[in-house]
Amino acid sequence: MATTGPMDRLHQLENIEKEISSAISSAGKALEELAKEKPLMKTVESHTTGFIKTLEVVEAGLIKQINYLTQVSTGQPHEGSCYAAQKDLFMAYHRRAHVQCRLEELENIQSEQRPKHLQLTKSYSLPPMAAAKGSAAPPNP
């Protein structure tokens, strides 16, 4: 399948729009002929056939456009879009946050299960008197 850029996609959509206009015109001509007192069935059938064929072209074009948009929105590889990369980035952020949260939970569980003497050594500080003596000014000679 040949890759097409955004401008090609826009031209395809413009062509589809022209085909829709042509289909409406064919339907209008068919109805106009049917509104006559003595409609020519050959003309009505011709316009109706043109309408149906044009609708088939429009349908095929719209299906191609919808398939492309489906491909883009599901993150499958395609040309000209950064959606898949952006989606991967957000998923990586989500995974990182989940892992970080889980690690914090495990650290909390581990700290709860540590023996008390290990926890005391970690939170040990000087008694208030020793801290006051250490901060006192040295004696004058």
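Please report, to two decimal places, log10 I(q)/I(0) for the stretch 1-48 at q = 0.30 Å⁻¹ as given by the Debye formula with identical point scatterers on the Cα atoms and no solvent.
Normalising to I(0) and taking log10 leaves -0.99.
Would you check the accessible area of Val44, probe 1.4 Å, heavy atoms only, in square angstrom rounded to 10?
Answer for Val44: close to 10 Å² accessible.
Under a 1.4 angstrom probe, counting protein chains only, how are Phe90, Phe51 ranked by accessible area, largest first?
Largest accessible area first, the list is Phe90, Phe51.
Apply the Karplus curve 6.51 cos²θ - 1.76 cosθ + 1.60, θ = phi - 60°, to the phi angles in the stretch 87-104 and return the couplings in whole Hz, x for Gly and Pro.
Result, rounded to whole Hz: 4, 4, 4, 5, 5, 5, 4, 5, 5, 4, 5, 5, 5, 4, 5, 5, 5, 5.
For Tyr93, Tyr68, give me the order by solvent-accessible area with a 1.4 Å probe, most accessible first, ignoring ligands, DNA and RNA.
Order by accessible area, largest first: Tyr93, Tyr68.
Roughly how many Å² of Glu59 are accessible to a 1.4 Å probe, to the nearest 10?
110
So if each residue of separation counts as 0.36 nm, and I subtract the Cα-Cα distance between Lys64 and Leu103, what length gain in nm does that give?
9.4 nm
Taking a probe of 1.4 angstrom, what is the accessible area of Ile63 in Å², to the nearest 10?
80
The values are calculated or read from the model by the stated rules, or taken from the named source; none is laboratory data. These numbers were taken from a predicted model, which means no experiment stands behind them. Areas reflect the complete protein model, heavy atoms only, side chains present, ligands, DNA and RNA absent. Shrake-Rupley method; radii C 1.70, N 1.55, O 1.52, S 1.80 Å.
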